[in-house]
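Here is the structure we will look at.
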Amino acid sequence: MRTISSVLVCALTAAWAGGASAQEIDWKKVDEALGRTAAVSGDVHRYGFPRTDLQVTLDGVTIRPTLALGGWAAFKPMHGGAMVMGDLVLLETEINPVMAKLIENGLEVTAVHNHVLRSSPLPFYMHIGGHGDPVKLATAIRTALAESKTPLTPPAPPATPPAIDLDTAQLDQIIGVKGQANGGVYQFAVPRRDPVTENGMQLTPPGPTGVATAIGFQPTGGGKAAITGDFVLTGEEVNPVIKALRENGIEVTAVHSHMLTEQPRLIFMHFWANDDAVKLAKGLRAALDKTASAKS
């Protein structure tokens, strides 16, 4: 979930430092182009495109959209407009039609891959990026999504939020950051200690811009949870984290890049397990300890 298009870094870094502020962008027009309102964090406006139309099952677990089916696009002001980065959740037959519209309208495709294994159906994930006029970028994304069956109208919130039948205080303590409930999933975003930049611009806040380790716990009964997400790693961290996850009964399901020109170079590692939630949290913490992740 997470890139912008390649430009001349050295020439533009200084200009971007004094770039457009969030106040200079008419976010209402961006909202209208995408047909939904954003979650705002700092100067980042992030829009969700959950695949609520899909019934994806994996190892007997029906995956909630907020666990692994939450497409998104994040807009961050930059000089003369905005950068956008995102991750679209697509079925195999939707990949090429959506890609064609993205390219036709000036957006970049920076990765296409799986995040999970064995699921039915098997979703794919298309990472995108671009920079320019935010309304045009938003219009291009919506035009591309219209080539898929992604719901273009945001889902109505449930009358009662799904319960999180887990000891969330203990999970917070183990993981080392405060989680939050979202659509029946308890989510964590663990930032790295080192700043991440794309074409000379720091990607902050790290969670909304897709460069924090993302972990989701979906309760499956009896204190158990299905977990998935992705670790954000530098190259030398990859194999120590693989070993730590596997030693703790957590399956590694994908290892790949999401972006093209970020610094430091990042590798994203996806994982899956369905077991005692506290046990899995300890395994995840063991893996986080192999990384330069911040711990509050």
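Return the only residue of Gly229, Gly216 being part of a strand (DSSP E or B), open to solvent by 10 Å² or more (accessible area, probe 1.4 Å), at pLDDT 95 or above and within 26 Å of Thr110 (Cβ to Cβ).
Gly229
When Lys76 is evaluated against the numbered criteria (1) in contact with a helix residue (DSSP H, G or I) (Cβ under 9 Å, 6 or more places away or on another chain); (2) within 21 Å of Pro157 (Cβ to Cβ); (3) not aliphatic (A, V, I, L, M), which criterion, by number, is the only one it fails?
(2)
For the subset of segment 162-215 comprising residues that are of a type in the set (A, V, I, L, M) and touching an Asp or Glu at 6+ places or on another chain (Cβ under 9 Å), which member is farthest from Ser41 (Cα to Cα)?
This residue is Ile215.
Within segment 269-296, count every residue that is in contact (Cβ under 8 Å) with a residue 40 or more places away in the chain, open to solvent by less than 10 Å² (accessible area, probe 1.4 Å) and either under 20 Å from Thr209 (Cβ atoms) or outside any strand (DSSP E or B) (or both).
Result for segment 269-296: 8.
So Val252 clears everything in (1) touching a His at 6+ places or on another chain (Cβ under 9 Å); (2) open to solvent by less than 30 Å² (accessible area, probe 1.4 Å); (3) at pLDDT 95 or above except one condition, right? Which one?
(2)
Could you please tell me which pairs satisfy a Cβ distance under 6 Å, a separation of 6+ or placement on different chains, a first residue in segment 131-148 that is open to solvent by 50 Å² or more (accessible area, probe 1.4 Å), and a second residue that is polar (S, T, N, Q)?
His131/Ser5
The values are calculated or read from the model by the stated rules, or taken from the named source; none is laboratory data. In this text the structure is predicted, and so the values were computed from the model without any measurement. A quick note on method: Cβ atoms are made from the backbone with ideal geometry, for glycine too, and the neighbour counts reach across all protein chains shown. To get the accessible areas, we keep the full protein, side chains included, count just its heavy atoms, and leave off ligands, DNA and RNA. Shrake-Rupley method; radii C 1.70, N 1.55, O 1.52, S 1.80 Å.
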